[in-house]
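Colleague: Here you go, one structure.
The values are calculated or read from the model by the stated rules, or taken from the named source; none is laboratory data. Just so it is clear, the structure is predicted and the values come from calculations on it, not from any experiment. Ideal geometry is used to build each Cβ from the backbone, glycine not excepted, and the neighbour counts take in all protein chains shown.
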Amino acid sequence: MHRYWQAANYLSGAQIYLRANALLKETLQADHIKPRLLGHWGTCPGINLIYTHLNRLIQDTDASVLFIAGPGHGAPAVLANVYLEGTYSEIYPEISQDEHGMEMLFRQFSSPGGISSHVSASTPGSIHEGGELGYCLAHATGAVFDNPDLIAVCVIGDGEAETGPLEGSWKSIRFLNPERDGAILPILHLNGYKISSATVLARMDEESVRSLLQGYGYTVYFVDGDDPMPVHKRLAEVLDKAYDTIKGIQHLARRGMGYLHLHWPLIVLRTPKGWTGPSEWKGEKIEGTFHSHQVPLEEVRNDKGQLKLLETWLRSYEPENLFDSEGRLFGELSSIIPKGNKRMGSNPHVNPGSIEKELILPAIDNYAVDVPSPGAITTQSTKQLGKFLRDIFLLNESNKNFRLFCPDETESNRLQDVFEATSRFYTGKTEVTDEHLSPYGRVIEVLSEHLCQGWMEGYLLTGRHGLFSCYEAFITIIDSMFNQYAKWIKSSKELPWRHPLASFNYLLTSHTWRQDHNGYSHQGPGFIDTVINKKSNVIRIYFPPDANCLLCVMQHCFGTKGYINVVVAGKQPELQWLNMNQARDHCRTGVSIWNWASNDNGNPDIVLACAGDIPTLETVAAAGLLKTHLPELKVRVVNIVDLMVLPPSSQHSHGLSDTSFSEIFTNSKEIIFAFHGYVSIIHDLVHGRPEPERFHVRGYMEEGTTTTPFDMTVLNNISRFQLAIAAIFRSRIGNASHVIHLFEQKLEEHHHFIREHLDDMPEIKNWTWS
Ligand SMILES: Cc1ncc(C[n+]2csc(CCOP(=O)(O)OP(=O)(O)O)c2C)c(N)n1
Ligand SMILES: [Mg+2]
């Protein structure tokens, strides 16, 4: 095992430096060295040590192990191991297990036309890039939900352990039920440093580290040292102990003997950063310090002394005793590699196409709202969705492949009908006043958007399905995680061997326009701005205006693969516009002219467009006002469900053809666009359409407080009166000053009324389309 570790260390160091002379058959020359030295060495020896020992554990126990490297910047180590075990060459035959393939492995690393410096979608066995630190333990946890036989071993850097999401992830074990879930085994790698500073945990004494982690519910095993042989011995012992503990917990739980007060194992590995690398250069220590973080010797091409030191370092692993003259690993070393799918690079949960079970969806007609005519009834759209979700849980119960992730808002978001089918997952102490808690629950409520996101990513990346329901304003907490996930999906799509995953579905509700209890801090539609910038073959954004449209959109999203779908919908009682058949047609095209609200007879003076449920209400009401007070103005109402119909089809596959766009928006008429989010999004999207300056967009402009629902629209200039006034101005219709005056008076009246009565005017509250 020690020699296997040396082989992995050799391959790791060589990936950073060599472009030729892979087996060091010749004396190392400057032109064997890559011109640009890019990569991270410091973390590699630790990752290699752990991987080597896991190979042994798997061989002895036949365990199914998913390997997650938190410090994904240690890609040379992960790549070295998947290369040694053969999984790399199976996927990329040109990187063969011989001298030529080894040279190619080295050349491609961090090189143009090659592969990136981090673990990435292109790395076999990986569901985790680790480029942006903090999410490894969350991914590990998501992966083992409902995978009872899987152990996700997660290496956590001591720098990474300082991040908010990682610090929050220790509680993940509280969300595992050993009866039905697999196990996580965190290995906290205290190599002492992050990029250039000391780490908090590495400088704490052993007892403090132990009590901290014990407090979270772990049994902590320490492995300490810089002398390889005792470290090997101790690491092998504690891995066996950890494995036995996991199996013991699962054994008891699966025989109904309880698990409430168990302690899951956790290993703290304290070994030097850059271990076995060059120990110092000109009196400056490298091994065991932050100087080993990236490239320990940077001047090897220009400095003969450094070149010599690099050669001494690489030869210290004795490549000639690891690989034969053709570059093949010696047989006795290969014997520690697990067989077939037990190799961590080909764990079947990682690229799950072949083991994924499709999500069974009930017919949405069962939950349809009866809408005899537009505006005839009021309902809570997300309440209807809750019934649909309830039945998804029921239909997929035996497949155990669907979960709802939510930061404690299922009830608040009006999805509580799901509790007729399942519960909130909870294994702690319960009180008689608790509701819907169970260790078998499939609703995962943790008040951490980071964990909801990370767990659901891990769940989907291992072939399952889910929904993340969140207050719209707080989803921006995970902007950066979304960003990384979208990059992962984009990169995966470029790899023919990666099977598509179920789409990541967001339901953003309790949205900006109806934050009745909470006000300004809870008003923020900015997530859409983040999403819109991602690749068009990855993202979709929907604004269903009512319950039937919400059901259509969600049904569609659950049936898609490989996308990130963002659905924004209100939870408050709201007017319903379309019956199910109309909703289906509307959602299929993503945009349509609402003829029932228009009076343009095919030739409008002005177009009123809207996206979002509240903007839709105000737009329809504005059309109603104009019809009553200025019937000669020909108004067309256009509703947009699928935001991505707006850009030209060259930019997004949902983009309307030029002809359809002109049919709906005309080629020249002015458009008053009431939008749920920030206005610049719409301006960006319609860039490239005929005369885009026709689009006069109104949306959320950071005006708000705890006020009435209608006042929110007034504060942000999208109330029916303001839209109607804008329509009159932009259409340039004459003889309308009395109407403008009337609408301005109404706004004035509203201002005084809400201050006196603390509620909206009855004519607003009770308004409906007629
Ligand atoms: C969220 C985030 N912040 C900052 C960085 C920049 N960064 C890359 S590596 C690193 C240090 C990581 O230290 P540690 O987790 O201890 O890993 P190791 O020592 O094993 O390299 C930092 C800060 C990052 N990748 N992600
Ligand atoms: Mg570190």
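Colleague: Is it fair to say residue 91 is more than 16 Å from ligand 2 (Cβ to nearest atom), over 16 Å from residue 16 (Cα atoms) and buried (at least 22 other Cβ atoms within 10 Å of the Cβ)?
Modeller: Considered against the rule, which asks whether it is more than 16 Å from ligand 2 (Cβ to nearest atom), over 16 Å from residue 16 (Cα atoms) and buried (at least 22 other Cβ atoms within 10 Å of the Cβ), residue 91 comes out as no.
Colleague: Moving to a separate point now. List the number of the failed condition for residue 428; all other conditions in (1) over 22 Å from residue 179 (Cα atoms); (2) small (Gly, Ala, Ser); (3) in contact with a helix residue (DSSP H, G or I) (Cβ under 8 Å, 6 or more places away or on another chain) hold.
Modeller: Result: residue 428 passes all but (1).
Colleague: Kindly provide the set of residues from the range 726-755 that are closer than 26 Å to residue 516 by Cβ and in contact with a helix residue (DSSP H, G or I) (Cβ under 6 Å, 6 or more places away or on another chain), ordered by number.
Modeller: 743, 746, 747, 754
Colleague: Hey, among the residues in the range 95-118 that are within 34 Å of the chain's Cα centre (by Cα) and polar (S, T, N, Q), which one's farthest from residue 487 (Cα to Cα)?
Modeller: Within the range 95-118, the match that is farthest from residue 487 (Cα to Cα) is 96.
Colleague: Out of the residues in the range 182-202 that are β-branched (Val, Ile, Thr) and buried (at least 24 other Cβ atoms within 10 Å of the Cβ), which is farthest from ligand 2 (Cβ to nearest atom)?
Modeller: 184
Colleague: Then there is this: Answer yes if at least one residue in the range 459-466 is under 23 Å from residue 137 (Cα atoms), more than 16 Å from the chain's Cα centre (by Cα), among the β-branched types (Val, Ile, Thr) and modelled with pLDDT of 95 or more, and no otherwise.
Modeller: Looking for residues that are under 23 Å from residue 137 (Cα atoms), more than 16 Å from the chain's Cα centre (by Cα), among the β-branched types (Val, Ile, Thr) and modelled with pLDDT of 95 or more, one finds none in the range 459-466, hence no.
Colleague: Can you find a residue in the range 251-273 that is free of Cβ contacts under 8 Å to residues at least 24 places away in the same chain, over 21 Å from residue 172 (Cα atoms) and of a type in the set (S, T, N, Q)?
Modeller: no
Colleague: Taking only pairs six or more apart or across chains, which ones have beta-carbon atoms under 7 Å, a first residue in the range 703-725 that is within 19 Å of residue 610 (Cβ to Cβ), and a second residue that is of a type in the set (D, E, K, R) and buried (at least 24 other Cβ atoms within 10 Å of the Cβ)?
Modeller: Close Cβ pairs satisfying both conditions: 713/618; 718/618; 719/618; 720/618; 723/618.
Colleague: What is the number of the single condition among (1) more than 11 Å from residue 608 (Cα to Cα); (2) assigned to a loop (DSSP other than H, G, I, E, B) that residue 682 does not meet?
Modeller: Unmet for residue 682, out of (1) more than 11 Å from residue 608 (Cα to Cα); (2) assigned to a loop (DSSP other than H, G, I, E, B): (2).
Colleague: Pairs under 7 Å by beta carbon, first residue in a helix (DSSP H, G or I) in the range 139-156, partner within 16 Å of ligand 1 (Cβ to nearest atom), six or more apart or different chains?
Modeller: 139/68; 139/128; 139/454; 139/457; 140/68; 140/154; 142/454; 142/457
Colleague: Counting only residues that are in contact with a Ser or Thr (Cβ under 7 Å, 6 or more places away or on another chain) and part of a helix (DSSP H, G or I), which one in the range 18-48 is surrounded by the most Cβ atoms within 10 Å (Cβ to Cβ)?
Modeller: Looking at the filtered set, the residue picked out is 44.
Colleague: Where in the range 169-282 are there helices (runs of 4 or more DSSP H), lying fully within it, with 3 or more residues that are more than 16 Å from ligand 1 (Cβ to nearest atom) and not acidic (Asp, Glu)?
Modeller: 206-216, 228-254
Colleague: If you don't mind, another one. Output the residues belonging to the range 378-405 that are assigned to a helix (DSSP H, G or I) and of a type in the set (Lys, Arg).
Modeller: Of everything in the range 378-405, those that are assigned to a helix (DSSP H, G or I) and of a type in the set (Lys, Arg) turn out to be 383, 387, 390.
Colleague: Okay, next question. Just one of the numbered conditions (1) without any contact (Cβ under 8 Å) to a residue 60 or more places away in the chain; (2) of a type in the set (D, E, K, R); (3) in a loop (DSSP other than H, G, I, E, B) is not true of residue 669; which one?
Modeller: Residue 669 satisfies every listed condition except (1).
Colleague: Regarding the range 71-86, can at least one residue be identified that is buried (at least 24 other Cβ atoms within 10 Å of the Cβ) and of a type in the set (Asp, Glu)?
Modeller: Yes, the range 71-86 contains at least one residue that is buried (at least 24 other Cβ atoms within 10 Å of the Cβ) and of a type in the set (Asp, Glu).
Colleague: Which of (1) within 16 Å of ligand 2 (Cβ to nearest atom); (2) surrounded by fewer than 22 Cβ atoms within 10 Å (Cβ to Cβ); (3) not charged (D, E, K, R) is the odd one out, the single condition residue 286 does not satisfy?
Modeller: (2)
Residues checked against (1) more than 16 Å from ligand 2 (Cβ to nearest atom); (2) in contact with a helix residue (DSSP H, G or I) (Cβ under 6 Å, 6 or more places away or on another chain); (3) within 29 Å of residue 255 (Cβ to Cβ):
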site	(1), (2), (3)
126	yes, no, no
135	yes, yes, no
139	yes, yes, no
150	yes, yes, yes
160	no, yes, no
165	yes, yes, no
176	yes, no, yes
180	yes, no, yes
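Colleague: To continue, here is another question. Return the residue satisfying two criteria in turn: it lies in the range 551-593 and is of a type in the set (Gly, Ala, Ser) and surrounded by fewer than 20 Cβ atoms within 10 Å (Cβ to Cβ), and of such residues it is farthest from the chain's Cα centre (by Cα).
Modeller: The selected residue is 592.
Colleague: Let me ask something additional. Does the range 406-425 include one or more residues that are more than 26 Å from residue 515 (Cα to Cα), surrounded by fewer than 22 Cβ atoms within 10 Å (Cβ to Cβ) and not hydroxyl-bearing (Ser, Thr, Tyr)?
Modeller: yes
Colleague: Out of 370, 391, which single residue is within 30 Å of residue 624 (Cβ to Cβ), of a type in the set (Asp, Glu) and out of contact with any Gly (no Cβ under 7 Å at 6 or more places or on another chain)?
Modeller: 370
Colleague: Report yes if residue 332 is under 30 Å from residue 155 (Cβ atoms) and part of a helix (DSSP H, G or I), otherwise no.
Modeller: Against the criterion (under 30 Å from residue 155 (Cβ atoms) and part of a helix (DSSP H, G or I)), residue 332 qualifies.
Colleague: I'm trying to understand the selection: among the residues of the range 283-308, which are over 19 Å from residue 202 (Cα atoms) and in a helix (DSSP H, G or I)?
Modeller: 304, 305, 306, 307, 308
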